Amino acid sequence: MNLHKCLAIVLFTLMFLGGAAGGGEALAQSAEAQSPATGPQIQKQEDETNLDTQLYLLVATNQDVDDAKLPSALDPVVKQLRSSLPFKNYRLAATLLNRVKNDGRLNLKWIGGPLSPSGAVSATAPSFNEFKVNNLKLVKDASNQHVVRMEGFGFGVRIPVVTASTVASNGPIAPIINYESTGLNTDISMREGEPVIVGTLNIGPSGDAIILVMSAKRTAK
C-alpha cells in the first residue's frame, strides 16, 4: 500500500470519528431540549388543619361541698374516677378551650381562684397556673384511627397554703400564706374527641386533688 493511500485512510477515519462524536452531542442536546423543564418544584400545600383542645381541671375532695353538675362529656371519666379514687365529691374548677394548628404548640398562663375548699386558705388568695404543649399533632395509629399526640404536655400551679397566722394590734387574725408549686410533665396521646385522664395532683393538707382531663379534636370547618 503506498503512502498516499495510507494517508487517505487515516484522514477518512478521523473525519468519521469526529462526525460520530458531533452526532452524539447533537442527540444529547436534542434529548435535553425535549426533557421537562428543571425549574423549581411546586411546593406541597401546607396543612391548615386546626385542633380544638379542652383542658378540664377537676377538684376531688372528701369535704362536704356541693357536688356541682359536671359536663356530660365527662361522664365516662367521672365514672372511672369514682371506681378508682376514694373521693366523695368532684367539682369543675376550670375549663380551658384553645385552638392550635396541627403540628403546632400551646403555652398559656392565668390567675385562678382558690382550688382548695373554703377554710384551707384565704378566700381571696388566687392560684397561679401554667399549661403548655410543646408539640400537638394529629396522626394515625396502627388501626388507621386518628390519634392526637401531645409531646411535652406540662401543667403547673402555685397554690396558696396557710402556714401560720398573726394578730395585728386591735385587728383580726390574719393568715400567713406561702405559695407552693406542684405540677406534672409528660407525653400523651389520645383518640380524637375522647376525654382522657392525664394525671392527679394532691393539694393541701386536706388530701384534696386536682385531676387533669384532656381532649382534642379537629376544628369543624
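The values are calculated or read from the model by the stated rules, or taken from the named source; none is laboratory data. Source: prediction; values computed, not measured. Positions of Cβ are generated from backbone atoms using ideal geometry, with glycine treated the same way; all protein chains shown enter the neighbour counts.
What to note about this one:
- Candidates in the range 174-195 are the residues that are among the hydrophobic types (A, V, I, L, M, F, W, C) and exposed (fewer than 13 other Cβ atoms within 10 Å of the Cβ); of these, the one that is modelled with the lowest pLDDT is Ala174.
- Selection of first residues in the range 188-204 that are closer than 17 Å to Leu57 by Cβ and of second residues that are assigned to a strand (DSSP E or B) and modelled with pLDDT under 95, restricted to Cβ pairs under 6 Å at least 6 apart or on distinct chains, gives the following pairs, ordered by first then second residue: Thr200/Ala209; Leu201/Thr182; Leu201/Ile210; Asn202/Ala209; Ile203/Ile159; Ile203/Ile210.
- Test: Ala94 is surrounded by 10 or more Cβ atoms within 10 Å (Cβ to Cβ), in contact with a Gly (Cβ under 8 Å, 6 or more places away or on another chain), in a strand (DSSP E or B) and at pLDDT 65 or above: yes
- From the options Ala168, Ala73, Ala120, residue that is among the small types (Gly, Ala, Ser), at pLDDT 90 or above and more than 16 Å from the chain's Cα centre (by Cα): Ala73
- In the range 102-115, the residues that are farther than 18 Å from Ile203 by Cβ reach residues that are outside any strand (DSSP E or B) and among the acidic types (Asp, Glu) with C-beta atoms within less than 9 angstrom, at least six apart or across chains, in these pairs: Asn102/Asp47; Asn102/Glu48; Asp103/Asp47.
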